[in-house]
Amino acid sequence: MANANAPFGFKATRRIDGAAPNYAPDNYPIIYTNTVAIGRGDVVTLTGGYVNKAVTTDAPVLGILDGVEYYDTALKTKVWSPGWTAPTTALSGSISAKVITDTKQVFQVQASGANVAFTTVGMNYNFVTGAPNSLTQISIESLDSTTSSTTNTLPFRLVGLIGSPITDSTGTYNIVEVVLNDSSLNQLTGDA
């Protein structure tokens, strides 16, 4: 069976240590003037105290976006959204990004192309970014299958492959399991 090229971002599934996952994200602010769309499952970073969509050269990263909550001044109510699309009706200072920062959390993610082989379990990888789906606000990011390396500055560590019937683990666009590797919460120096 051939795998479809259908990336879905980074999806939290279990903990690497076998403990029961609580999927509890941490709260970080998004500045209301941020015009960059951030989807659920996108890699994010912390810049100037605010969450931003990460680019592939960001090291370290903060974690994975799991939703956004903000006060909508037009609706006069708190709104939960899978992602951030810069609504002009958000009250300044009210936007809370839900970010999974747990370095023991395992994420499923699709490879960007070439097969990510079982022999590279334990290696570090970068990611491929892209604008989230504008309708669902779900990420389309994937694991960059060309970046297998031992360098400690890549954001993800490969911990496993997903097999049949979900995906053909030997084909292109296979689905793999990763954990955060280069996390800003594990750094000894502060973020700017």
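Tabulated values for the structure
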| quantity | calculated |
| --- | --- |
| Near pairs, Cβ below 9 angstrom, 6+ apart or cross-chain, from region 163-185 (at positive phi) to any residue that is polar (S, T, N, Q) and loosely packed, with under 13 Cβ neighbours inside 10 Å | TYR173/ASN5 |
| Near pairs, Cβ below 7 angstrom, 6+ apart or cross-chain, from region 41-65 (over 14 Å from VAL128 (Cα atoms) and modelled with pLDDT of 95 or more) to any residue that is buried (at least 19 other Cβ atoms within 10 Å of the Cβ) and of a type in the set (Asp, Glu) | THR45/ASP58; LEU65/ASP42 |
| Scope region 27-39; condition buried (at least 19 other Cβ atoms within 10 Å of the Cβ) and closer than 18 Å to SER183 by Cα; matching residues | TYR28 |
| Tally of residues being among the small types (Gly, Ala, Ser), out of contact with any Leu (no Cβ under 9 Å at 6 or more places or on another chain), in a loop (DSSP other than H, G, I, E, B) and at pLDDT 90 or above across region 75-100 | 0 |
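For (1) out of contact with any Asp or Glu (no Cβ under 8 Å at 6 or more places or on another chain); (2) surrounded by 13 or more Cβ atoms within 10 Å (Cβ to Cβ); (3) β-branched (Val, Ile, Thr), each residue gets a yes or a no:
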| site | (1), (2), (3) |
| --- | --- |
| TYR125 | no, yes, no |
| VAL128 | no, yes, yes |
| PRO132 | no, yes, no |
| SER142 | yes, yes, no |
| THR151 | yes, no, yes |
| LEU154 | no, yes, no |
| THR167 | yes, yes, yes |
| VAL176 | yes, yes, yes |
| ASP182 | yes, yes, no |
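The values are calculated or read from the model by the stated rules, or taken from the named source; none is laboratory data. Keep in mind the model is a prediction, meaning the values are calculated, not measured. Note: ideal-geometry Cβ built from the backbone for every residue, glycine included; neighbour counts use all protein chains shown.
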